[in-house]
Each structure stands twice: as structure tokens, then as C-alpha cells.
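Let me begin by presenting the structure, written as C-alpha cells, before commenting on it.
Just so it is clear, none of the values below were taken in a lab; they were calculated from the coordinates. This structure is a prediction, so every number in the text was calculated from the model and none was measured. FYI the Cβ positions are ideal-geometry reconstructions off the backbone, even for glycines, and counts take in every protein chain you see.
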């Protein structure tokens, strides 16, 4: 099964807004040039995080997840493929799935708007149970 991810503008907006709030808090707590420089750094960090994680524009951004039994292969934005090993701990909700990986050491965040509804449901089932849903032979079209 292959899950092709699309950019999430809502996640990007949330990341940038939260970093902007953090930058504003820094300006209140630490006035002056040092506070302004640190606030700008926080805001720029938010832009970079949104660019790579939510908008999937970085060369190392995950563009597709291929699941075959127990094996997991990540396709990156630059076209490269990377074998991965998923951790047993996963967070699954109606709106988001986080997939912590053992190798490479990173976490993939997939929001509901990054996949079509049916594919997002299949990814949630795989994240919960460790296997993809199947159909009985009687249900297959002739």
C-alpha cells in the first residue's frame, strides 16, 4: 500500500501562528535588541518548520509512505527512497497520525488533509493494528 502525501496548508498556518505567538511572548519577557533578535529567530524557525514539515518542500520531506507487511519505505521530496523501521508507539486520532521511526530516528506527522479520507483511514488502521485491512475472498469482484 502506498500513501502519497500532499501539503497541508492548515498545519503550516498553525505552525507559523504558534511560532509567532512564541516570538511575541519573547518580546514581552525580553525587551530590547536581544529579545527582538530571539523573537525573529523563533518566527523564522516556524517558517522553516512549516516549509519542510507541513508544505513538504524540503529535499528531506517525506512525500510518500510505502507499507508492505512489516517493511516501511519512505519516498523523499528529492526522489530518494529510504527504508524505515516504525516504532511500536504511535499516536492515532481522528485528525492526526504520528509515526515515530527507529531508523532513521525521526517522527512523521500525517494530518487528515494530507491524504484522501479512505487512505487516511487505512493509515490509521495500520498505525493502530500494525497491518492493513483486507477483504474476504467472497467480497472480491469476479
Efficiency by 1/(1 + (r/R0)^6): what FRET value for residue 85 and residue 29, r their Cβ-Cβ distance, R0 = 25 Å, to the nearest 0.05?
0.05
Using helices alone, I'd like the mean residue ellipticity at 222 nm for the chain: each DSSP H run of four-plus residues gives -39500 (n - 2.57), total over residue count, nearest 500.
-12000 deg cm²/dmol
The Cα extents of segment 2-54 along the principal axes, largest first and rounded to whole Å, are 50, 13, 11
Here are labelled values, (1) 15.4; (2) 24.0; (3) 16.9, and one is the computed Kirkwood radius over Cα pairs in Å for what I pasted. Which one?
(3)
One point scatterer per Cα, no solvent, Debye formula: log10 I(q)/I(0) for segment 22-88 at q = 0.13, 0.18 Å⁻¹ comes out as -0.55, -0.71
Is segment 71-125 rounded, prolate or oblate when judged by the Cα gyration tensor, a ≥ b ≥ c being the square roots of its eigenvalues, rounded requiring a/c under 1.5 and prolate requiring a/b larger than b/c?
oblate
If you build a Gaussian network model of the chain, linking Cα atoms that sit under 10 Å apart, which residue out of 52, 93, 60 swings the most?
93
